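Below: one structure, written as structure tokens.
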Amino acid sequence: METSQPTAKYKILPDADGAVRVQFFCDLSGALACTTEPIHADTPEQALEIAWKTAGKKEFNHCEKCGKWVSDTMYNPPVQECVKCAPWENYPL
């Protein structure tokens, strides 16, 4: 079992007014899952924490086996694992 990471992969983008936007990406596919609204925080770490709690986390599923944060298309809900750990036998249409 891999160690769970606290958030999905992300990129912090500075805004012109001193705020930041955070983009979150699926750990398996690398696809962009969401970009937050501008966030004002004292540090990038605080901005990331706010972004994850308010927007990012609800866009992902957490694999119970490897700990990755993945999008719906990369998740096998019946076993609560990503498709790398538990591949689809009959991919839902």
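The values are calculated or read from the model by the stated rules, or taken from the named source; none is laboratory data. Since the model is a prediction, treat every value here as computed from it, not as a measurement. Cβ coordinates were reconstructed from backbone atoms using ideal geometry, including for glycine residues, and neighbour counts include every protein chain displayed. Note: accessible area is taken over every heavy atom of the protein model, side chains too, but ligands, DNA and RNA are not part of it. Shrake-Rupley method; radii C 1.70, N 1.55, O 1.52, S 1.80 Å.
Assorted remarks:
- Note, ³J(HN,Hα) from phi for segment 53-70, Karplus 6.51, -1.76, 1.60, rounded to Hz, x at Gly and Pro: 5, 8, 9, x, 4, 6, 8, 10, 10, 9, 5, 5, 8, 9, x, 6, 9, 10
- Counted charge near F24, where neighbours are those whose Cβ lies closer than 9 Å (Asp, Glu -1; Lys, Arg +1): +2
- Only helices enter this figure: runs of n ≥ 4 DSSP H residues, each worth -39500 (n - 2.57), summed and divided by the residues of the chain, yield -2500 deg cm²/dmol at 222 nm to the nearest 500.
- Cut-off 13 Å between beta-carbons: net charge of the residues surrounding T54, Lys and Arg +1, Asp and Glu -1: +1
- Normalised by the number of residues in the chain, the mean separation of alpha-carbon contacts (under 8 Å, six or more apart) gives a relative contact order of 24 percent.
- Correct choice for P(r) over Cα pairs in 10 Å bins from 0, in percent that was computed from the model, options (1) 14, 42, 38, 7; (2) 17, 54, 28, 1; (3) 18, 43, 26, 11, 2: (3)
- Net length gained if the chain between K65 and V79 were fully extended (0.36 nm per residue, minus Cα distance): 4.1 nm
- Solvent-accessible surface of segment 11-78, taken per residue with a 1.4 Å probe and all protein chains present: 56 Å².
- Extension gain, I12 to S29: 0.36 nm times the residue separation minus the Cα-Cα distance gives 4.2 nm.
- Net charge in the neighbourhood of D15 (other residues with Cβ under 12 Å of its Cβ; Lys, Arg +1, Asp, Glu -1) is -1.
- For the peptides 9-15, 65-71, 25-31, the ranking by packing is 65-71, 25-31, 9-15, with the highest mean count of neighbouring Cβ atoms within 10 Å listed first.
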